[in-house]
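Heads up, the thing below is written out as structure tokens.
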Amino acid sequence: MESTEIVQQLAQRMNNPPTVLLWYDFLCPFCYVAQHRNAILLKRGLQVEELPFQAHPEIPAGGISAGLRTGPMYATLEREAKEAGLQLRWPRHLPNTRRALAAAEWARRHELGAFPRLHKALFEAHFVAGEDLGDPAVVDWHASDCGVDVAAWHAAFRDGSALKAVGDAETLGHERGVQGTPAWFLAEQLILGLRPAADFERLAKQVLQSPG
């Protein structure tokens, strides 16, 4: 059964302007670079709804150590980040990101003005500052700094509604074929993985020209 709560919320803003859905995880370097692709869509007049999707739920609560990042894939990501104007320092620690995703999704639903800052701050905390997003204190510090009502966010975490919101977003993604991040849903298409910037220029044009 489709996750009706999040569908109803998104439906209120789905067509004016046209809306693209993106599923992301703060742990995912492709999602980090995908901020640049989202900027292309926004510049072209589309709205992007960024939804949480935990790419590696198997990572334990305390996180795991990261190995060396070498090889063509990592070199490509480093080049893409540089071209996008994003700093990229490979973190030595890979956290369980579910709490961080829950904080961001709670802000997106309840404090929309704070969400873009928090979303950007948590990506930078992981990929620039090397902070542990599995540490509740780190998430809370960034939430507070970005203007989130931390007491209200904590209440939502304790009663389970913040974590349920992440699950709802993941369910919506699964229903549309999402299996990993990043994944965009636009013009009834599912776009899996990071694609060249030129593809997003073309996709934005296609969405804006499509009827209805």
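With each run of n ≥ 4 DSSP H residues scored as -39500 (n - 2.57), what mean residue ellipticity at 222 nm is computed for the chain after dividing by its residue count and rounding to the nearest 500 deg cm²/dmol?
-16000 deg cm²/dmol
Protein chains only, probe 1.4 Å: how do D159, D145, D140 rank by accessible area, largest first?
Ranked list, largest accessible area first: D159, D145, D140.
Mind listing the lone cysteines of the chain, meaning no other Cys beta-carbon sits under 4.7 Å from theirs?
Cysteines lacking a close Cβ partner in the chain: C146.
Can you send over the carbon and sulfur percentage of the accessible area for segment 91-184, probe radius 1.4 Å, protein chains only?
Carbon plus sulfur share of accessible area: 53 percent.
Hey, any idea what % of segment 13-64's accessible area is carbon plus sulfur with a 1.4 Å probe?
With neighbouring chains kept in place, the figure for segment 13-64 is 58 percent.
Out of residues 5 or more away from V48 or on other chains, whose amide H comes under 5 Å of its own, with H placed 1.01 Å from N in the peptide plane?
Amide H neighbours of V48: V20.
Give the accessible surface of the chain per residue, rounded to a whole number of Å², with probe radius 1.4 Å and ligands, DNA and RNA excluded.
Per residue, the chain has 49 Å² of solvent-accessible surface.
The values are calculated or read from the model by the stated rules, or taken from the named source; none is laboratory data. Model, not experiment: these values are computed from the prediction. Cβ coordinates were reconstructed from backbone atoms using ideal geometry, including for glycine residues, and neighbour counts include every protein chain displayed. The area values use the complete protein model at the heavy-atom level, side chains included, leaving out ligands, DNA and RNA. Shrake-Rupley method; radii C 1.70, N 1.55, O 1.52, S 1.80 Å.
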